[in-house]
Amino acid sequence: MKKAISVLSGGLDCTVATSVFDGDFEIHAITFNYGQKAAKQEISASKRICERMGWTHEVINLPWLSKISTSSLNTNEDVPEPEENDLDDLDKSGETAESVWVPARNTVFTSIALSYAESIGAEIIIVGWNDEEGATFPDNSKEYLEKFNSLIDVGSPEKIRIEAPAIDLNKEEIVELGIKVGAPMELSYSCYKGEEKPCGVCESCMRRKRAFKKLKIKYD
């Protein structure tokens, strides 16, 4: 069977994105521990998802990224708690994005995933980048996806592509896709704060909660 590398944080977006390729690819999921507040919960969620779906799972530790990051995800700085009407305000959501930004995180993660893909002969790298977060996080945007794939075309001897099936979708549409492909969304964890029970008030929790609410699906 064809092979794929999944950059799996255990969150909603990457869980759904990876599930799109389940059955067609032998999926090798990698989860990064870069000293984030939610590392324990993300690793646990990723492990549960992989056990459910029959994917292999590996944790990659990046202590150096934790040391250089000034993100509120890595430091004692409080994670922002925006109001719901702030989520679609680009200026206000941009402030949250600035607070939680980890230096070149997706560039680092995707480069490592490329190395893994070359080493095992994987054809694709699966990521959860999406349109809603791409509005404020440039490394989630469609332009970033296209540029990174162009970089791989030039810099890798193998024919490997990054696949981001949610790149044109908002959270509501991601949940709809998750239902369609049978993604184990109930096992995913999307909270920035890393508490055992999702806080419900950080931006990541709020976007997830809003999507389920709009679809009249019980939020967990």
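The values are calculated or read from the model by the stated rules, or taken from the named source; none is laboratory data. Being a predicted model, the structure only gives us computed values, none of them experimental. Every residue, glycine as well, gets a Cβ built from its backbone with ideal geometry; the counts of neighbours run over all protein chains shown.
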Practice task
Would you be able to tell me the number of residues in region 90-125 that are among the hydrophobic types (A, V, I, L, M, F, W, C), modelled with pLDDT of 95 or more, out of contact with any Leu (no Cβ under 8 Å at 6 or more places or on another chain) and closer than 20 Å to S9 by Cα?
Solution key: 9
Completion exercise
Matching residues in region 176-202 (within 21 Å of S44 (Cα to Cα), in a helix (DSSP H, G or I) and out of contact with any Asp or Glu (no Cβ under 7 Å at 6 or more places or on another chain)) number 3
Practice task
Select from region 170-184 the residues that are in contact (Cβ under 8 Å) with a residue 24 or more places away in the chain and either surrounded by fewer than 21 Cβ atoms within 10 Å (Cβ to Cβ) or basic (K, R) (or both) and list them in ascending order.
Solution key: N170, K171, E172, E176, L177, V181, G182, P184
Handout entry: Selection status of L73, at pLDDT 95 or above and more than 30 Å from K159 (Cα to Cα)
Key = yes
Exercise for the section: Scan region 20-54 residue by residue and report those that are within 13 Å of the chain's Cα centre (by Cα), among the small types (G, A, S) and under 22 Å from K2 (Cα atoms). Expected result: A29, S46
Completion exercise
By my count, strands (runs of 3 or more DSSP E) wholly in region 1-88 with at least 3 residues that are free of Cβ contacts under 8 Å to residues at least 40 places away in the same chain are 26-33, 56-61
Exercise for the section: Could you grab me the full set of residues in region 111-167 that are buried (at least 21 other Cβ atoms within 10 Å of the Cβ), part of a helix (DSSP H, G or I) and of a type in the set (S, T, N, Q)? Expected result: N140
Practice task
Could you list, in sequence order, all residues of region 89-110 that are assigned to a helix (DSSP H, G or I) and among the small types (G, A, S)?
Solution key: S93, G94, A97, S99
